[in-house]
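Step one of this worksheet: look at the structure below.
The values are calculated or read from the model by the stated rules, or taken from the named source; none is laboratory data. It should be emphasised that the depicted structure is a prediction, and the values quoted were computed from it without experimental measurement. Positions of Cβ are backbone-derived with ideal geometry, glycine not excepted, and every protein chain shown enters the neighbour counts. We work out accessible area using only protein heavy atoms, side chains counted, and drop any ligands, DNA or RNA first. Shrake-Rupley method; radii C 1.70, N 1.55, O 1.52, S 1.80 Å.
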Amino acid sequence: KKEDKGSGKILNQSKQESGLPVFDGREWLLTVSRNMSFWHEYLLTEGIFKYTKDFGVDYSVESLSITFDSTQTHSFFYQPMFTEFREIVGTVFKSKESIAALKRKYFDFAEEFLASLKRADEELTVENFKEFFRQYARYTPGLMITTIFGKVGNDRLVSLLKESGFSELEIAPLVATITYPEEHTPLFNSQLDMLKIGSGIQHKQIKEAEIESELNRWLMTYQNIPVNYCDEPWTLADAKNYLADALKKDCKNEINKLEASHTERLARKESELLKVKNEEARILAHALAEATFINEYRKNIFSTVSLGFRGIFQKIAGKVGSDNWRDCFYLTPQEMIDILEDKKIGLGQLKNTRKVAGMWIRSDGIVRLVEPKDVERLGQYIKEFHGQKKSEATTGAEVRGFSANKGVVRGVVRILLDSRDFSRLNAGDILVTTMTSVDFIPVMEKAAAFVTNEGGITSHASIVAREMNKPCIIGTKNATQILKDGDTVEVDADNGVVRVLESEDKGVPDPKDYI
């Protein structure tokens, strides 16, 4: 038993009546389950403790995480601290001036981050490698800040709009409209650029012999988009497939439609903002639009870095007898430095002992590895959390959330918890998941609508839904538990509700298989 210094209670190292797991005498809230490496999580754990102040949030966050098979990471936070952190983040975007200053920090820090990677790649010295790690850790708080603001800022905006007299039915589409960002995301730009290549071919401005060169240029700019933290970049074969799809359409007409849609959305945004008289609400709408763009910008920076460090990792792995750069995902930054300094590391043994691994940080700012017995206990909690018995949804059952983009469609539910299962989704199906990320893009293009457990108006699903103009309901909390794979549903994103029209359990794979 240990003392919980926040409450004065003595807590057993087990689950409490709250259902939350206890570690180090305190209850921890499972907040994110993502495809992130053990190596990345180490620097994130350090970064959100040491460098949040660099983004204007003067608060050190203590965190805990468990990683399965080096890439499936589940992040916990000490609940009272996480609540306080959320409240502080909500005050950062308080004026247009402070929003612009924060946006500039994301840009400036990104330049330094990318420059440190370039130096390490060109000259792999211990000094350059350490500086790359420092820059990596410093940029990681940017991941949390916009994500959290997307939720707390959205909640505050909804509250202000209610106070201003807007009805429940008006608020969700109004928020989606007035928070639409002016700047395109990297994904949108990649699609637009591919259509321009297609248009050039259709109008004989690009010759047959020039096509592959154009696609390679496209790849040089956009191949990193689906990488996220652990996934693979687009290849020339992918680019050729995207071009083939583009050429099935009148590319020039598609370009005009996309640009006209963007212009129309911006005009509608300005028109709807005139109806919002509350100045705080107007500033919040602007902040959420900027946070939406920043959210995708900083993801793209990490995708760029995650592709760019692979040559370095290959060199590190090679020094300990491995031909697989991904083996570095099992290592801590210090262990990688040790390898670079020619110290002996038993990579095979580390991989074996870290099939399930954990780390945590407390007020002293030191990242520690979690003891095996606690790793096992917390790992079991995660399996139970994601594998809990599904509710018995029947015809007529409903799931409610926040509408990120309007529209009403019907289709078959496909619950996808991991990219390894994307092949199960067919064109026109309804994508249901915990949350989306850039690796979900191929299935999002095929899906008729998106439904997520998590996320605010700045979330990836929300952004992509508005760019693709597909119905999207976010923040349902329990869609993956209520809905069953194979259910026929109506996604009514006009009203933020998913209705089960016909319930049919197709035997979705056990969620524990994804962990």
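If you wrap a convex hull around the alpha carbons of region 50-206, what volume per residue comes out, as a whole number of Å³? All intermediate terms of the calculation are to be shown ahead of the outcome.
Details: hull volume 35.4 nm³, N = 157.
Convex hull volume per residue, Cα atoms: 225 Å³.
Cβ-Cβ distance of Asp421 and Asn278, R₀ of 51 Å, FRET efficiency by 1/(1 + (r/R0)^6): the value works out to about 0.70.
Extension gain, Leu501 to Ser159: 0.36 nm times the residue separation minus the Cα-Cα distance gives 119.9 nm. Exposure check, 1.4 Å probe, all protein chains in place: Cys230 carries approximately 10 Å² of accessible surface. One chain, two ends: Asp193 and Glu210. Fully extended at 0.36 nm per residue, the span grows by 4.6 nm beyond their Cα-Cα distance. Only helical runs count toward this figure. For the chain, summing -39,500 (n - 2.57) over DSSP H runs of n ≥ 4 and dividing by all residues gives -16000 deg cm²/dmol at 222 nm.
Residue pairs exceeding 25 angstrom between C-alpha atoms, taken from Lys50/Lys151; Lys406/Lys477; Lys351/Lys446; Lys94/Lys275: Lys351/Lys446.
Compare Lys103, Lys196 by solvent-accessible area with a 1.4 Å probe and give them largest first, with all protein chains kept in place.
On the way: Lys103 25, Lys196 105 Å².
Descending order: Lys196, Lys103.
For region 140-298, the spread of Cα positions along the three principal axes, ordered from largest to smallest, is 61, 36, 21 Å. In this calculation the C-beta distance from Gln202 to Glu87 is compared with R0 = 60 Å, giving a FRET efficiency of 0.65.
In percent, what relative contact order does the chain have, based on Cα pairs under 8 Å that are 6 or more apart in sequence? Value for the chain: 17 percent.
Give me the accessible area per residue for region 408-481, probe 1.4 Å, as a whole number in Å². Kindly include the intermediate steps, with their values, before the conclusion.
Values: 2130 Å² over 74 residues.
Result: 29 Å² per residue.
Taking 7 Å steps out from each Cα toward its Cβ at Glu341 and His184 produces label points 4.8 nm apart.
If R0 is 45 Å, what FRET efficiency do you get for Ser167 and Glu376 from their C-beta distance, rounded to 0.05? Working shown, then result.
Values: r = 50 Å, r/R0 = 1.12.
Efficiency, rounded to the nearest 0.05: 0.35.
Here the gap between Ala244 and Asp108, fully extended at 0.36 nm per residue and compared with their Cα-Cα distance, gives a gain of 45.2 nm. Using +1 at the Cβ of each Lys and Arg and -1 at the Cβ of each Asp and Glu in region 208-349, identify which of Gln314, Asn278, Asn228 lies farthest towards the dipole's positive end. Result: Asn278, furthest along the dipole toward the positive end.
Work out the P(r) tail for region 277-428: percent of alpha carbon pairs separated by more than 21 Å, whole number. The partial results should precede the final answer.
Numbers: 8290 of 11476 pairs.
Tail of P(r) above 21 Å: 72 percent of Cα pairs.
Accessible surface of the chain, 1.4 Å probe: 48 percent of it comes from carbon and sulfur atoms.
Two decimals is fine: what's Rg over Rh for region 237-333, C-alpha atoms, Kirkwood radius as Rh? Numbers along the way, then the final one.
Values: Rg = 22.4 Å, Rh = 18.4 Å.
Ratio of gyration radius to Kirkwood radius for region 237-333: 1.22.
Only protein heavy atoms count here; under a 1.4 Å probe, Glu87 has an accessible surface of about 120 Å². Using only Cα positions of the chain, each an equal point scatterer, no hydration layer, compute I(q)/I(0) via Debye at q = 0.06, 0.07 Å⁻¹ and quote the log10 values to two decimals. Cα-only, vacuum Debye calculation for the chain: -0.29, -0.40.
The residues of region 249-377 expose on average 48 square angstrom of accessible surface per residue, using a 1.4 Å probe on protein heavy atoms.
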